[in-house]
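*Asks:* My questions all concern the structure below.
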Amino acid sequence: MLFSGMGKETGAGGAPKQKNAASSGVILAALLVISAVTASSCDTPTSECPKHALLPIVPDEATFDAKRWGPTLQEVNARMVSYGASEYPGLNRSAYGPGLGPLDSPLRTDAFLRSCAGDRVRPEALNRLRSAMSCSRCHDGENQPRLDYPTFLRTLPAGGTLVSRYVVTYRKMPPGADLSDDEREALIACLDDEYYRGFGGQPGLLSAWLAQPDCAAAAR
């Protein structure tokens, strides 16, 4: 259904022609989309296993024929992005906690960045790291699903987490970010510390959210 009409040709009398290479490529793309969505080995969206909207196809650059299939890949990925965030009846996504990587954070000081990044980021590059931490610029819960508390906790079958795969392994996030391998590792570490651990006596974003009066009252 997702790719209905793409790459389809008909012959005389409206009979379908034999599938050509282009339509085969679209079928392959569909299979890759299914693989990406089920990468977490989850069957239902729950607080421990949140389902995200369709993930972009990330081919193996060593074997992918970008000249031949690049335009098709861009078309399919653009179509998926246009679908926006996923919604499930009866599932309150706001109850999953704050989004990972807000636009602003009281924790994101130079001292914090030096602590979580260690020697992986030069002092003059701290502002670039700070800017790269604003995941919610796109993952705002409307255009793209928020990255919430299970994001760093669940290890994918292929290794790593959803965020580390796209930031470090695939190097696709943040979009357009010119980060070195060390800076990407530091980005993961800083996002993790900011969300779960905190710094300098300040709680992490998740702990601060849980300590709100409404959350505390609901827990009693």
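*Asks:* Restricting attention to the stretch 67-102, which residues are at pLDDT 80 or above, crowded, with 16+ Cβ neighbours inside 10 Å and within 19 Å of the chain's Cα centre (by Cα)?
*Replies:* Passing the criteria: LEU73, VAL76, ASN77, MET80, GLY97, PRO98, GLY99, LEU100, GLY101, PRO102.
*Asks:* Quick check on my filter: what residues within the stretch 103-112 are among the aliphatic types (A, V, I, L, M), outside any helix (DSSP H, G or I) and surrounded by fewer than 16 Cβ atoms within 10 Å (Cβ to Cβ)?
*Replies:* At the first step, the residues of the stretch 103-112 found to be among the aliphatic types (A, V, I, L, M) are 103, 107, 111.
So of that shortlist, the ones also outside any helix (DSSP H, G or I) come out as 103, 107.
The one that is among the aliphatic types (A, V, I, L, M), outside any helix (DSSP H, G or I) and surrounded by fewer than 16 Cβ atoms within 10 Å (Cβ to Cβ): LEU103.
*Asks:* Across the stretch 118-160, what is the number of residues that are outside any helix (DSSP H, G or I) and within 17 Å of TYR96 (Cα to Cα)?
*Replies:* 11
*Asks:* Further, regarding this structure: Which of (1) in contact (Cβ under 8 Å) with a residue 60 or more places away in the chain; (2) touching a Lys or Arg at 6+ places or on another chain (Cβ under 8 Å); (3) over 30 Å from GLY198 (Cα atoms); (4) not charged (D, E, K, R) does TYR88 not meet, given it meets every other one?
*Replies:* Failed condition: (1).
*Asks:* Return the residues of the stretch 91-116 that are under 17 Å from SER207 (Cα atoms) and acidic (Asp, Glu); say none if nothing qualifies.
*Replies:* ASP104
*Asks:* Need pairs with beta-carbon distance below 8 Å; first residue on the phi > 0 side of the Ramachandran plot and within the stretch 127-150, second part of a helix (DSSP H, G or I) and crowded, with 17+ Cβ neighbours inside 10 Å; sequence gap 6+ or separate chains.
*Replies:* That search, which allows pairs on different chains as well, returns GLY141/ARG93.
*Asks:* How many of the residues making up the stretch 55-66 are hydroxyl-bearing (Ser, Thr, Tyr) and under 17 Å from the mean Cα position of the chain (by Cα)?
*Replies:* Going through the stretch 55-66 one residue at a time, the tally reaches 0.
*Asks:* Counting just the residues of the stretch 188-197 that are out of contact with any strand residue (DSSP E or B) (no Cβ under 7 Å at 6 or more places or on another chain) and farther than 13 Å from THR169 by Cβ, which one comes out surrounded by the fewest Cβ atoms within 10 Å (Cβ to Cβ)?
*Replies:* So, considering only residues that are out of contact with any strand residue (DSSP E or B) (no Cβ under 7 Å at 6 or more places or on another chain) and farther than 13 Å from THR169 by Cβ, the one surrounded by the fewest Cβ atoms within 10 Å (Cβ to Cβ) is ARG197.
*Asks:* Out of ASP140, ASP148, report the one residue that is at pLDDT below 90, in contact with a helix residue (DSSP H, G or I) (Cβ under 7 Å, 6 or more places away or on another chain) and among the acidic types (Asp, Glu).
*Replies:* Numbers: ASP140 fails: in contact with a helix residue (DSSP H, G or I) (Cβ under 7 Å, 6 or more places away or on another chain).
Result: ASP148 is the single residue among ASP140, ASP148 that is at pLDDT below 90, in contact with a helix residue (DSSP H, G or I) (Cβ under 7 Å, 6 or more places away or on another chain) and among the acidic types (Asp, Glu).
*Asks:* A follow-up question, please. Out of curiosity, is GLU194 closer than 24 Å to ARG122 by Cα, part of a helix (DSSP H, G or I), touching a Leu at 6+ places or on another chain (Cβ under 6 Å) and in contact (Cβ under 8 Å) with a residue 24 or more places away in the chain?
*Replies:* Yes.
The values are calculated or read from the model by the stated rules, or taken from the named source; none is laboratory data. Small disclaimer: the values here were computed from a predicted structure and weren't measured. All Cβ positions, even for glycine, are placed from backbone atoms using ideal geometry, and neighbour counts span all protein chains on display.
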